[in-house]
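Input: a single structure, listed below in C-alpha cells.
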Amino acid sequence: MTQPIDITRGRASAGSHADGVRQPGGAEPYYVSAGREVEVFAACAERGLPVMLKGPTGCGKTRFVEHMAWRLKRPLVTIACHDDLSASDLTGRYLIRGGETVWTDGPLTTAVRLGAICYLDEVVEARQDTVVVIHPLTDDRRLLPIDKTGELIEAAPGFQLVISYNPGYQHALKDLKPSTRQRFVSLEFDFPPPEAESAIVAHESGVDEATAARLVRLAARVRNLRDQGLAEAPSTRLLVSTARLIAGGIPAAEACRAGLVAPLTDDPDLLGAISDLITATL
C-alpha cells in the first residue's frame, strides 16, 4: 500500500527553534582574536561569501564560528563531517512517522531555509560526492537543489556556509577538490601566541594565570617533539581540559599525564620524553 507523502511536515520554518539550530543570544562565546579574522569574516557575511577555516585541531576554529554567530546575531547549525556522511544526511530524507511518509529536512536544508550560518566541521572527512552538494550554495546562485522532492531552495538572507579542516590530516584520498577550495575565502588559524593562549586557558578552566602560563610553556616544548615523531601537537583544547582537572583539585603532574600526555601518544619513548618535560616545566 502506497503511503501518502506530505513533504511539508518535518520542515523547520524560518524563525523556529529547530533541532540542531543554535539560536543567537545568551552569553558571548569567549574568543581572543589573533588578527583581523573577525573583520574578514564579518565582511564575508555581509556579502554572502562562504568561508574556509584552516588550522590544527583544537586551535579555536569552532569557537571562532560560535563567536561570530553570536556577534552577527545569526542562528548556527554545526555539522560534524565523517566518512559515512551522505548527501541525504545534509539535505534530508523521507521517514515513516505515524504510518505516513514525511519529508524531514537535514541540517543543511534547515540552515538554508532559516538563513543561518552552516558550519561543516572537518569537511575533508566527508565523501567527495557529498561535498559536491554544497557547490550551488557557494556562488551567486545560492541554491540548494533537493532531487528527492524536486525542490530548488533559494538560501534565505543571512545564510552563510563555513567549512573547516586540519591541513595536517590531508592526504591524497582526503583533500578538497580545487573546484571546491576555490569557492571559499580562506582564513588560516594556528595556536595562539603564549600570552593569549595563557589567557584562554585561565579563562576557560578557572586556574590562576601562573598555572596557565606553565601549561602553555609545557605545550610549547611538547609541540617541538613533532620533529621526533609526535603525530599531533597538544592543542589549546587539551590544555584547557588539563587545566580544568587541576582546577578540580587533581595534582598538576597527574592532570598532565591524564589530560595532556595520554591522549597524544602510546609510544613509550615519546611518553618518557613528555614526562621529563612535565617534570622540568611544572
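Here the chain has 51 percent of its accessible surface on carbon and sulfur atoms, given a 1.4 Å probe and all protein chains in place.
Along the charge dipole of the chain, Cβ charges K/R +1 and D/E -1, which of ALA219, LEU95, ALA273 sits furthest on the positive end? Sorting the options by dipole projection puts first LEU95.
Note on the chain: with charges restricted to the Cβ of Lys and Arg (+1) and Asp and Glu (-1), its dipole about the Cα centre is near 560 debye.
Peptide packing: for 131-144, 23-36, 194-207, the average count of neighbouring Cβ atoms within 10 Å per residue gives the ranking 194-207, 131-144, 23-36, highest mean first. To the nearest ten degrees, helix 61-72 and the longest principal axis of the Cα atoms of the chain are 60 degrees apart.
Accessible area per residue for the chain is 49 Å², calculated with a 1.4 Å probe on protein heavy atoms, without ligands, DNA or RNA. Overall, the anisotropy analysis places the stretch 177-231 in the oblate class: the square-rooted eigenvalues a ≥ b ≥ c of its C-alpha gyration tensor yield a/c not less than 1.5, with a/b not exceeding b/c. At the residue level, TRP70 shows approximately 80 square angstrom of accessible surface with a 1.4 angstrom probe and all protein chains present.
Each residue of the stretch 118-129 was assigned a 3J(HN,Hα) from its phi angle through the Karplus curve 6.51 cos²θ - 1.76 cosθ + 1.60 (θ = phi - 60°); the sequence is 10, 10, 9, 7, 6, 4, 5, 6, 7, 5, 4, 5 Hz, with glycine and proline shown as x.
Using alpha carbons only, how many degrees (0 to 90, rounded to 10) separate the axis of helix 268-281 from the longest principal axis of the chain? Between the helix axis and the principal axis of the chain, the angle is about 70 degrees. Measuring only protein heavy atoms, the 1.4 Å probe finds LYS148 accessible over about 110 Å². Among 151-158, 253-260, the peptide with the highest mean count of other Cβ atoms within 10 Å heads the list, and the full ranking is 253-260, 151-158. Rounded, prolate or oblate: which fits the stretch 23-108, taking a ≥ b ≥ c as square roots of the Cα gyration tensor eigenvalues, rounded meaning a/c under 1.5, else prolate when a/b beats b/c? Verdict is prolate for the stretch 23-108. Each residue, SER186 and ALA80, gets one label point 7 Å from its Cα in the Cβ direction; the gap between the two is 2.7 nm. Cα centroids of the stretch 222-273 and the stretch 40-111: 31 Å apart. Cα axis of helix 194-205 to longest principal axis of the chain: angle in degrees, 0 to 90, nearest 10? Computed tilt is about 70 degrees.
Does the stretch 155-282 classify as rounded, prolate or oblate by the C-alpha gyration tensor (a ≥ b ≥ c root eigenvalues; a/c under 1.5 gives rounded; else a/b over b/c gives prolate, otherwise oblate)? Oblate is the answer for the stretch 155-282, as a/c is 1.5 or above yet b/c matches or exceeds a/b. Dividing the summed -39500 (n - 2.57) terms of all DSSP H runs of n ≥ 4 by the residue count of the chain sets its mean residue ellipticity at 222 nm at -10500 deg cm²/dmol. Against the set (i) 209; (ii) 162; (iii) 382, the structure's computed volume of the Cα convex hull per residue in Å³ falls on (ii). Residue separation of SER179 and THR57 scaled by 0.36 nm, minus their Cα-Cα distance, works out to 41.5 nm of gained length. Projecting the Cα positions of THR109, VAL133, ALA155 onto the charge dipole of the stretch 78-186 (unit charges on Cβ atoms of Lys, Arg, Asp and Glu, taken about the Cα centre) puts ALA155 furthest along the positive direction.
The values are calculated or read from the model by the stated rules, or taken from the named source; none is laboratory data. All of these numbers come straight from a predicted model, not from anything done at the bench. Backbone-built Cβ (ideal geometry, glycine too); neighbour counts: all protein chains shown. In case anyone asks, the SASA skips ligands and DNA or RNA and just uses the protein heavy atoms, side chains included. Shrake-Rupley method; radii C 1.70, N 1.55, O 1.52, S 1.80 Å.
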